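Note sheet for the following structure.
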Amino acid sequence: MAATKPLVLLTGATGFVGAHVLDQLLGLAKYRVLAPVRSTNKAKYFLDKYAKEISAGTLTFVTNSDLSAPHALDSTLKDNEISYIIHLASPYFTTSSNPIEELVKPAVNATRNVLLSALTYGESDLKRLTVLSSFASVVDLSKNPRAGYKYHSDEWDPITEEQAAENGVLGYHASKTFAEREAWKLHDSGIDATNPQKAKFALTTLCPPMIYGPPIHYSAESVPKDGISGLNTSTARLINGILGKDPLFAPKVATPGLPAWIDVRDIAKALVSTLELADDDNERVILSGGVAYYEDGLKGLRARGVQGLGETGALVNPDNHFSLDRSKQEDVLGLKETIPFQKTVEDTYDAVKALGLL
């Protein structure tokens, strides 16, 4: 029975977002999942957690040491009848001494390789390729905070390679922008630019802002040795921010540089929902749960008497910031209701506490 279910190739399955996508895909019981990982060592927690699914043939991990290496997924696409690809794997950090080499090139190369393999070996079976991009590929940093402006999905970050080399923040923005542009270029024109051929499979790119929510990709045995700072970037920022440990705001609760956000569970839901779109429906979709400062999410934790939180920080005034168009999120993906920020903050805090880090 399992062999008759559509096969989804999921990159980044053991990461922050990927773990939620994997959980939701398996929970639907209508797909099989093939997940490339750098090593089975890295996937040990998942091998144990999903032993039943692995035994039943609905989940398979394959070793792939580096998605940014040429032809990294060729054999995977050749040897398996893959119906869908969800590509998540991409570096996310903003402190870098060499943003081009550490952020831009790995992101662009990994996305290019996924597309090249799909175009070369996946055309007969592949129905859709979904790429998790970022609002970083949409926003124009030079115009922030752009109060009253609403960003739409046809806008692109105008960042240049010269700017990307300046620091990690600009490097990250460039990595997402250039990688997503590469995906659309290859999809719409094919491998041979002198003979443009649009891909037979559909392409979806999703562009969320800050992603928060409970990390489920760690276990008691895989807790980062350096504590909270070793968690995935957005979780570490949120937790340090609400604890008043952000050096720019301490001892108060921090104000995020980008107040636009969405819960990781809603991201996973959106990614999985793209698999249900019509086969010829190519979409670029902005995602958003709203605009909030960290203090806006602390009402419940403060009411519980949680100790160790920072001194009261600022509350958001949405009128002081840009907003994000949610129309495609709601109309195309059906994601009309999203998780409130207070629940996101509380669930994240509780998950990190359960790991013994609070």
Checklist outcome for this item: Taking region 179-196 and the residues there that are free of Cβ contacts under 8 Å to residues at least 60 places away in the same chain and among the charged types (D, E, K, R), the one that is nearest to Tyr121 (Cα to Cα) would be Asp192
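Being touching a residue at least 24 places away in the same chain (Cβ under 8 Å), under 26 Å from Phe135 (Cβ atoms) and more than 20 Å from the chain's Cα centre (by Cα) is the requirement here; does Ala110 meet it?
no
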Next on the checklist: Just to verify a result, which residue in region 62-121, among those that are of a type in the set (D, E, K, R) and under 28 Å from Met210 (Cβ atoms), is modelled with the lowest pLDDT?
Outcome noted: Asp66
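Just to verify a result, which residue in region 29-61, among those that are of a type in the set (D, E, K, R) and more than 21 Å from Pro91 (Cβ to Cβ), is modelled with the lowest pLDDT?
At the first step, the residues of region 29-61 found to be of a type in the set (D, E, K, R) are 30, 32, 38, 42, 44, 48-49, 52-53.
With the extra rule that they be more than 21 Å from Pro91 (Cβ to Cβ), the set shrinks to 30, 32, 44, 48-49, 52-53.
On the way: Lys30: 96, Arg32: 98, Lys44: 88, Asp48: 93, Lys49: 94, Lys52: 96, Glu53: 97.
Looking at the filtered set, the residue picked out is Lys44.
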Checklist entry - With respect to the numbered conditions (1) among the β-branched types (Val, Ile, Thr); (2) outside any helix (DSSP H, G or I); (3) without any contact (Cβ under 8 Å) to a residue 60 or more places away in the chain, which one is the sole condition not fulfilled by Thr130? => result (3)
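Quick one: which residue in Ala136, Ala236, Ala202 is at pLDDT 95 or above and more than 30 Å from Pro247 (Cβ to Cβ)? Walk me through how you get there before you give the answer.
Details: Ala136 fails: more than 30 Å from Pro247 (Cβ to Cβ); Ala236 fails: more than 30 Å from Pro247 (Cβ to Cβ).
Going through Ala136, Ala236, Ala202 in turn, just one is at pLDDT 95 or above and more than 30 Å from Pro247 (Cβ to Cβ): Ala202.
Quick check on region 257-283: of everything there that is assigned to a strand (DSSP E or B) and crowded, with 22+ Cβ neighbours inside 10 Å, which residue is farthest from the chain's Cα centre (by Cα)? Give the derivation first.
Just the residues of region 257-283 that are assigned to a strand (DSSP E or B), to begin with: 260-263, 283.
Within this subset, residues satisfying the condition of being crowded, with 22+ Cβ neighbours inside 10 Å are 260-263.
Details: Ala260: 15, Trp261: 12, Ile262: 11, Asp263: 11 Å.
Among those residues, the one meeting the criterion is Ala260.
State yes or no: is Glu81 of a type in the set (D, E, K, R), assigned to a loop (DSSP other than H, G, I, E, B), in contact with a strand residue (DSSP E or B) (Cβ under 7 Å, 6 or more places away or on another chain) and touching a residue at least 12 places away in the same chain (Cβ under 8 Å)? Explain how you work it out, then say what you get.
Details: of a type in the set (D, E, K, R): yes; assigned to a loop (DSSP other than H, G, I, E, B): yes; in contact with a strand residue (DSSP E or B) (Cβ under 7 Å, 6 or more places away or on another chain): yes; touching a residue at least 12 places away in the same chain (Cβ under 8 Å): yes.
So Glu81 fits the description; yes.
Does at least one position in region 84-105 carry a residue that is of a type in the set (Gly, Ala, Ser), assigned to a helix (DSSP H, G or I) and under 20 Å from the mean Cα position of the chain (by Cα)? Lay out the reasoning, then the answer.
First, the residues of region 84-105 that are of a type in the set (Gly, Ala, Ser): 89-90, 96-97.
Those left that are additionally assigned to a helix (DSSP H, G or I): none.
No, that holds for no residue.
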Checklist entry - Inside region 294-312, can you point out the residues that are part of a loop (DSSP other than H, G, I, E, B) and crowded, with 21+ Cβ neighbours inside 10 Å? => result Leu298, Gly310
Item to check | Residue selected from region 150-176 under the condition of a type in the set (Val, Ile, Thr) and closer than 23 Å to Ser323 by Cβ, by the criterion surrounded by the most Cβ atoms within 10 Å (Cβ to Cβ) | outcome: Ile159
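Among the listed residues Ala13, Ala43, identify the single one that is of a type outside the set (Asp, Glu), surrounded by 18 or more Cβ atoms within 10 Å (Cβ to Cβ) and under 10 Å from Ile86 (Cα atoms).
Values: Ala43 fails: under 10 Å from Ile86 (Cα atoms).
So the residue among Ala13, Ala43 that is of a type outside the set (Asp, Glu), surrounded by 18 or more Cβ atoms within 10 Å (Cβ to Cβ) and under 10 Å from Ile86 (Cα atoms) is Ala13.
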Checklist entry - Do you know which of the residues in region 206-256 that are touching a strand residue (DSSP E or B) at 6+ places or on another chain (Cβ under 6 Å) and among the hydroxyl-bearing types (Ser, Thr, Tyr) is surrounded by the fewest Cβ atoms within 10 Å (Cβ to Cβ)? => result Ser234
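Take the conditions over 24 Å from Ala354 (Cβ atoms) and out of contact with any helix residue (DSSP H, G or I) (no Cβ under 7 Å at 6 or more places or on another chain) and apply them to Ala202. Does it pass?
Details: over 24 Å from Ala354 (Cβ atoms): yes; out of contact with any helix residue (DSSP H, G or I) (no Cβ under 7 Å at 6 or more places or on another chain): yes.
Taking the combined requirement at face value, the residue satisfies it.
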Item to check | Residues (in a helix (DSSP H, G or I), in contact (Cβ under 8 Å) with a residue 60 or more places away in the chain and under 20 Å from Val272 (Cβ atoms)) located in region 320-335 | outcome: Lys328
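The values are calculated or read from the model by the stated rules, or taken from the named source; none is laboratory data. Please read all numbers here as calculations on a predicted model, not as lab measurements. Backbone-built Cβ (ideal geometry, glycine too); neighbour counts: all protein chains shown.
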